[in-house]
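Below is one structure; the comments refer to it alone.
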Amino acid sequence: SANEGKVEVHSVTVDCKVTSRFAHTVMTSRALNKANSSQEIFFEVELPKTAFITNFSMEIEGQVYVGEVKEKEKAKKQYEKAVSSGQTAGLVKVSGRKMEKFSVSVNVAAKSNVTFVLTYEELLQRKLGQYEILTRVKPKTPVNEFQIVADIYEPQGIAFIDVHATFLSNDLLPLVEKTVTEKKAHISFSPTMEQQRTCPSCDGTLIDGDFIIKYDVNRAKNLGDIQIVNGYFVHFFAPPDLPRVPKNVVFVIDRSGSMSGKKIAQTREALLEILKDLHEEDFFALIEFDHMVSPWRQSLSKATKDNVAEAMKHVHKLRDMGATNINDAVLRAVSMLVKDRQAKRLPDRSVDMIILLTDGMPNSGESNLGKIQENVQSAIGGNMSLFCLGFGNDVDYSFLDVMSKQNKGLARRIYEASDATMQLQGFYEEVSSPLLSEVDLRYPDNAVEFLTTNHFSQLFNGSEIVVAGRLTDNDLDNLLVEVFGQGFEDDFKVQGQASASNWDVIYPDEEYIFGDFTERLWAYLTIQQLLEKSKSGSPDEKVNATAKALEMSLQYSFVTPLTSMVVTKPETEDGTDSPLIADKLTEEQRQQAERGQAHQLASPALYTRTHAYQSPPTYFVDGD
Amino acid sequence: PHFMIELPDRGDALCFNINDKPGTIFTLVRDPESGILVNGQIIGDKKIPPDGKINTYFWRFGIIHQTLGVRLEVSTREISVFQDGKRVKLLWSDTASLKGPNVDLLVTKDRSLTVTLKDSVKFVILLHKVWEKHPYHRDYLGFYTLDSHLLSPSVHGLLGQFYHGIEYEVTDLRPGEVPEKPDATMYVKGQELNVTRGWQRDFRRDVKNGENVPCWFIHSNGTGLIDGDETDYIVSGLF
């Protein structure tokens, strides 16, 4: 974007290649400054927050300026000067729940072209039985050449593929081309300039929103699917037709004063739906808390129709009041599960889980976050999973995140919005159907190294376990693989051999498109897991994990929370050349940005000039 | 409440928080030469919020222009103007304007009050309306000086002392407590302060969300930046 009419956007293209769930996306935009003087041209794109930027370049007047991934601390030194003069602006910002916005501007001479290219990569996660590729497009005006192309290569075979976009009208719908063969899908969407217009002579464009591709692969039975390419292997494990394991779930619900209004109403609504979805063989309990802890019943109840109806009656009465005592509430849930287990009231082959929903910081009872984590971990002792839902912006998400991970669970943020009920239900749906517990994926020690996490507390229905590693022997013919887990009735135990795929046979018509994707997938997964470890491990583990994650981020050119991408902008007319710095946001930074409280401190993602105009000084005082 | 000194000619801003017990009255502006005085009283949240942090806000301002004989009392509930022994009451729920020989007022319904005191000062008071049934927060006010260049060099107060500029230098940028929030050393008023890069919100254009203004945050109630300490600005009455 720039001054309307003075810039012609020649092309906007999104090229996405997915190879075995690993997506590599290149967004390119080319524009011409039609004006008789130089002007600032802006390039703004949105990318999924699970993605890492790997490259960015700008081509101006034949000169290419390429981004370089550097250690964050070192990159900082480059903009210290700009910081001290108080000039700030972020190159990467939060944009909604799923996306981050990357924006950059550059001064382009009269009648000159500029080309921006941004590349990012991510491992698509299987959720509720599908992978999702989300592309957000918002060209300000119709574009000469607009194109979204996605090529998906899945050696396991594509089970289904579904494409839709929030901006697709009846006229645009037929322009989505989809070619699906057994192991490959090609999707393209390329409307002409006229087709993009909101009306025949209008400058407005219809192309504004999300382009979403959803697909799943054929599930490989037993062992799963193992792919060996260029000395690296990746193992996808999500066998079909496993019976679900019954669960014993304690819902720990924050009803403190800050939950008042919509939040408590949405919690009530979601709980009623969740209770309805309980399977009859499951056991459940409800514990509400503010500064006091109030269990609905003193032990878990079987999810019979009568019990569920009773519980629903109780949930209708859920009201907000008081302060927040997370420590005692969670410990109460743990002791309830432990006692019921000891009294043999729960089935032997069943999993125990606690789902904590809270919107605020503990301010009653134990309020030291570290101490709460310690208490909970020692009470749980690795015997159950803790899932945490952080409702709204006031909750310390990292506290919940770490606490969940310490206890074989995961945390999720619930955004305060009209769909919060759906978010709560969605999370429950994801974790409510364990198929296996204590899953171990084993490979011969002498054949593999640098393995990503290979033990998982649970495999949930609709998700997938991914393990990757490097083969010590590049010429290995067969890799012996074993998978162990605890299923509903029997232990799950399979073993088999995997061999390197011949990609020329699977995709004979393709050029050499796959290159080092397995290695990059392994690197992406390793870095993600190291970043997690750097938050929740022991002090030594944290230091080592951080150092290793940094080393790998630099080696593979990933912009992670430990690195920054530095792009040196061409000199402006006044001779200044402030560098551009792109950072990866952490979940805490995202939350902070959304919370937007007055005296929170700014993240110096990028320092460059922001104010071109001069206004008189202002002196003010206001609320936070 | 948060205080902000925006200095566009330096492309920079300074900020600090002042907190005290609910009920405390602070002098924001005092110009003995022109006889202008602006005092503000703070209130706290309805009850202690879950994070245990007591937030305070301005809810009432008393403004006097002795030379012009004008007195204004602006609270989150109503606006009263006293002049020549008469009282005019305005409500936030109405859009109204009042033009007089010495004072102009413009109320934008439920949003702002702009006050121009003849040949002296122009400011705007913003009303932040909070959902009535909010468990913690209540309505509060913001005070923005728009034009102060006619005030005398002896103007003082928590805001007033900055009306004629402030000299400072920032050096030695270094990682702060949180890696993304750098600290630096600020030399100001002959002192060396540890400051942190931050931002605060200017609500003039968007009263609901505000706009972030990057600033150097001076810790401990602005210690070192303001003359004396915050207790020096506490007074017993609104006028």
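The values are calculated or read from the model by the stated rules, or taken from the named source; none is laboratory data. What you are looking at is a predicted structure, and each value in this text was computed from that prediction instead of being measured. Note that we place each Cβ from the backbone using ideal geometry, even for glycine, and neighbour counts take in every protein chain shown.
Observations
- Of the listed requirements (1) out of contact with any helix residue (DSSP H, G or I) (no Cβ under 7 Å at 6 or more places or on another chain); (2) modelled with pLDDT of 85 or more; (3) part of a strand (DSSP E or B), A:V69 misses just one: (1).
- Some residue of the range B:152-166 being more than 8 Å from chain A (Cβ to nearest Cβ), small (G, A, S) and under 24 Å from B:D94 (Cβ atoms): no
- Within the range A:438-454, one or more residues are of a type outside the set (A, V, I, L, M, F, W, C), touching a helix residue (DSSP H, G or I) at 6+ places or on another chain (Cβ under 6 Å), on the phi < 0 side of the Ramachandran plot and surrounded by fewer than 17 Cβ atoms within 10 Å (Cβ to Cβ).
- The set of residues from the range A:351-367 being over 10 Å from A:I253 (Cα atoms), assigned to a strand (DSSP E or B) and either among the aliphatic types (A, V, I, L, M) or in contact with a Cys (Cβ under 9 Å, 6 or more places away or on another chain) (or both) comprises A:V351, A:M353, A:I354.
- Number of residues in the range B:81-96 that are free of Cβ contacts under 8 Å to residues at least 24 places away in the same chain and assigned to a strand (DSSP E or B): the value is 9.
- Qualifying residue in the range B:7-27 (condition: touching a residue at least 40 places away in the same chain (Cβ under 8 Å), among the small types (G, A, S) and more than 14 Å from chain A (Cβ to nearest Cβ)): no
- For the range A:546-586, a tally of residues being at pLDDT 70 or above, of a type outside the set (D, E) and part of a strand (DSSP E or B) returns 10.
- Looking only at residues in the range A:147-204 that are more than 21 Å from A:F517 (Cα to Cα) and acidic (D, E), the one that is surrounded by the fewest Cβ atoms within 10 Å (Cβ to Cβ) is A:E194.
- Taking each residue of the range B:40-63 that is farther than 30 Å from A:L369 by Cβ and looking for partners that are aromatic (F, W, Y) and part of a loop (DSSP other than H, G, I, E, B) with beta-carbon atoms closer than 7 Å, six or more apart or interchain, yields B:G62/B:F239.
- The residue that is modelled with the lowest pLDDT, counting only those in the range B:130-168 that are assigned to a loop (DSSP other than H, G, I, E, B), of a type in the set (D, E) and in contact with a strand residue (DSSP E or B) (Cβ under 9 Å, 6 or more places away or on another chain), is B:E167.
- Taken as a whole, the structure leaves B:E73 outside the set of residues that are assigned to a loop (DSSP other than H, G, I, E, B), more than 24 Å from B:H219 (Cα to Cα) and away from chain A (no Cβ under 11 Å).
- Residues that are buried (at least 17 other Cβ atoms within 10 Å of the Cβ) and under 35 Å from the mean Cα position of the chain (by Cα), drawn from the range A:302-321: A:K302, A:A303, A:V308, A:A311, A:V315, A:L318, A:D320
This table checks each residue for (1) aromatic (F, W, Y); (2) part of a strand (DSSP E or B); (3) more than 9 Å from chain A (Cβ to nearest Cβ).
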site	(1), (2), (3)
B:P49	no, no, no
B:F58	yes, yes, no
B:I79	no, yes, yes
B:L98	no, yes, yes
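Let's see how each residue does on (1) more than 21 Å from A:Y507 (Cβ to Cβ); (2) assigned to a strand (DSSP E or B); (3) under 22 Å from the mean Cα position of the chain (by Cα):
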residue	(1), (2), (3)
A:Y120	yes, yes, yes
A:R136	yes, yes, yes
A:K140	yes, no, no
A:V143	yes, no, no
A:Q147	yes, yes, no
A:A150	no, yes, yes
A:F160	no, yes, no
A:F167	yes, no, no
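- For beta carbons closer than 8 Å, sequence separation of 6+ or different chains, a first residue in the range A:449-465 that is over 19 Å from A:S20 (Cβ atoms) and a second that is surrounded by 17 or more Cβ atoms within 10 Å (Cβ to Cβ) and of a type in the set (D, E), the qualifying pairs are A:F460/A:E430.
- Residue satisfying all of: in the range B:169-182; crowded, with 20+ Cβ neighbours inside 10 Å and not aliphatic (A, V, I, L, M); farthest from the other protein chains (Cβ to nearest Cβ) among these: B:P182
- If you go through the range B:116-128 and keep only what is assigned to a loop (DSSP other than H, G, I, E, B) and either touching a Lys or Arg at 6+ places or on another chain (Cβ under 7 Å) or surrounded by 15 or more Cβ atoms within 10 Å (Cβ to Cβ) (or both), you end up with B:K118, B:S120.
- Residue in the range B:105-115 that is buried (at least 18 other Cβ atoms within 10 Å of the Cβ), at the interface with chain A (Cβ under 9 Å from one of its Cβ atoms), in contact (Cβ under 8 Å) with a residue 12 or more places away in the chain and hydrophobic (A, V, I, L, M, F, W, C) present: no
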